[in-house]
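The values are calculated or read from the model by the stated rules, or taken from the named source; none is laboratory data. Quick caveat: nothing in here was measured; it's all calculated off a predicted structure. So basically every Cβ, Gly included, is an ideal-geometry build from the backbone, and we count neighbours across all protein chains shown.
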Amino acid sequence: MTERQERCEERTAPQDRKPSNFRHLFGRHVHCQGKDESFADTVILALWRPVGLGLLLGVPLGLAFYKFIVGKRYPTAAHIPPEAFTRRQVIRGKVISVGDSDNFRLYHTPGLGWGLWRKIPTAKKELAKQTIMVRLAGVDAPEGAHFGMPAQPFSTESKQFLTDMVHGRHVKVQLLKRDHYGRAVAMVNVRKPPFFLSKNVSVEMLRAGLASIYVAQGAEYGGISSTLEKVQEKARRRRLGIWSKKSFVSPGDHKAKFLRGVNKDED
């Protein structure tokens with residue numbers, strides 16, 4: 001046996017203590033012609049180091065990339081899981097259209113890159129079944145005319161106020177519940193120029209006298225009920241918007257009165 005073979009035998013001989021699996025897979029390998037070693041073993045051991053390192057770094061980096069860069073997008077309110085409402089998840093998106101004085105359609109934009117390498121569809125056909133119907137939490141705005149029901153005073157002004165505030169803008173939406181219409185009831189915040197301070201849409205509508213506090217069963221206030229009450233009382237004292245009328249009829253009462261009339265006519 002040559003001197004080189006003797007050194008090889010000595011370095012590959014069994015030790016009293018077995019090396020760890022980590023050293024076995026990732027440690028430096030001694031190339032000898034021992035009987036327990038083959039060319040295939042050498043190749044496998046050589047490949048394990050980059051593969052293992054790739055898995056070790058790639059999995060957490062991939063998860064972080066998906067969460068913060070890509071994110072999970074909710075196409076509609078029906079796609080939002082119940083636990084998102086339970087933990088009052090905050091999502092962001094762009095308001096595509098305003099349907100009524102207290103609801104709008106949102107295109108959910110999770111993650112980063114929107115407006116750069118990720119685009120929001122503009123065609124109505126592409127947007128079909130791709131938006132979340134959002135109902136403002138804590139407030140009830142004057143009813144517009146629909147299905148034969150006459151419009152309430154300030155319904156047009158209320159819808160225009162909401163449109164000016166959110167339409168085409170990116171908003172932050174705190175999910176609170178899913179209502180019986182399948183809409184996402186939420187507190188909505190938007191930043192507007194010139195100072196781009198965050199404003200709560202429900203609060204601002206009450207402040208302008210263009211909505212009243214929603215008092216029906218199952219109402220959600222997002223933990224700011226006292227703020228809503230103070231803002232509404234201030235608008236009422238100043239006789240702004242809906243409070244300028246001698247007698248105030250809530251949107252809920254207006255709708256109920258109309259339905260009673262319809263049922264009476266049918267009888």
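Quick notes on this one:
- Taking the conditions (1) surrounded by 17 or more Cβ atoms within 10 Å (Cβ to Cβ); (2) assigned to a helix (DSSP H, G or I) in turn, THR156 satisfies each one other than (1).
- Qualifying residue in region 166-183 (condition: touching a helix residue (DSSP H, G or I) at 6+ places or on another chain (Cβ under 8 Å), assigned to a loop (DSSP other than H, G, I, E, B) and either of a type outside the set (S, T, N, Q) or under 22 Å from ILE242 (Cβ atoms) (or both)): yes
- Test for GLY138: is it in the same structural domain as ARG88 (by TED's automatic domain parsing), crowded, with 16+ Cβ neighbours inside 10 Å, under 20 Å from the mean Cα position of the chain (by Cα) and on the phi > 0 side of the Ramachandran plot: yes
- In summary, SER226 fulfils each of the numbered conditions (1) closer than 25 Å to PRO81 by Cβ; (2) part of a helix (DSSP H, G or I); (3) hydroxyl-bearing (Ser, Thr, Tyr) with the single exception of condition (1).
- VAL231 buried (at least 18 other Cβ atoms within 10 Å of the Cβ), in the same structural domain as VAL188 (by TED's automatic domain parsing) and either free of Cβ contacts under 8 Å to residues at least 60 places away in the same chain or aliphatic (A, V, I, L, M) (or both): yes
- Residues satisfying the stated conditions in region 141-150, i.e. surrounded by 14 or more Cβ atoms within 10 Å (Cβ to Cβ) and either outside the structural domain of VAL188 (by TED's automatic domain parsing) or free of Cβ contacts under 8 Å to residues at least 60 places away in the same chain (or both): GLY144
- Check on GLY218, out of contact with any Phe, Trp or Tyr (no Cβ under 9 Å at 6 or more places or on another chain), part of a loop (DSSP other than H, G, I, E, B), surrounded by fewer than 20 Cβ atoms within 10 Å (Cβ to Cβ) and in contact (Cβ under 8 Å) with a residue 60 or more places away in the chain: no
- Taken together, ARG191, ARG135, ARG178 contain a single residue that is free of Cβ contacts under 8 Å to residues at least 24 places away in the same chain, in contact with a strand residue (DSSP E or B) (Cβ under 7 Å, 6 or more places away or on another chain) and not hydrophobic (A, V, I, L, M, F, W, C), which is ARG191.
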